[in-house]
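The structure under discussion appears below in the form of structure tokens.
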Amino acid sequence: MEYLSVALTVTLAAIASAFSQSIAARAAMEGTARQPEAAGDIRTTLILALAFIEALTLFCFVAAILIWIRIS
């Protein structure tokens, strides 16, 4: 039961990251389809946004490891 918090931290972070990355990618594709001449700027912004999303996921992973070490 103690490890439930670790499992939920990693699971919820991964699910939220996957959903938010898919929403960001969809918005970037729609923006590129509407305005192809801005594809370079949209791509740069998308990569930056995906990096921030992934960083938050990694922070949750580190928090889960710290919780796991604290429990053990």
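No value in this document is a laboratory result; all are computed from the given coordinates. This is a predicted model, so every value here is computed, not measured. All Cβ positions, glycine included, derive from the backbone under ideal geometry; neighbour counts span all protein chains shown.
Ranking Pro36, Ser17, Phe52 by Cα position along the charge dipole of the stretch 4-71, where only Lys, Arg, Asp and Glu carry charges on their C-beta atoms, puts Ser17 farthest toward the positive end. Mind checking the log10 I(q)/I(0) for the stretch 9-72 at q = 0.12, 0.18 Å⁻¹? Debye, one equal scatterer per Cα, no solvent, two decimals. Taking Cα atoms of the stretch 9-72 as identical point scatterers yields -0.40, -0.67.
Show me the chymotrypsin sites (Phe, Trp or Tyr not before Pro) within the chain that DSSP assigns to loop and that have at most 14 other Cβ atoms within 10 Å of their Cβ.
Details: sites: Tyr3, Phe19, Phe52, Phe59, Phe61, Trp68; in loops: Tyr3.
Of the chymotrypsin sites (Phe, Trp or Tyr not before Pro), the ones in loops of the chain whose Cβ has at most 14 other Cβ atoms within 10 Å are Tyr3.
Of the GluC sites (Glu not before Pro) found in the stretch 1-61, the ones in coil according to DSSP and having at most 12 other Cβ atoms within 10 Å of their Cβ are Glu2.
Based on DSSP H segments of at least four residues, each scored -39500 (n - 2.57), the chain has a per-residue ellipticity at 222 nm of -32500 deg cm²/dmol.
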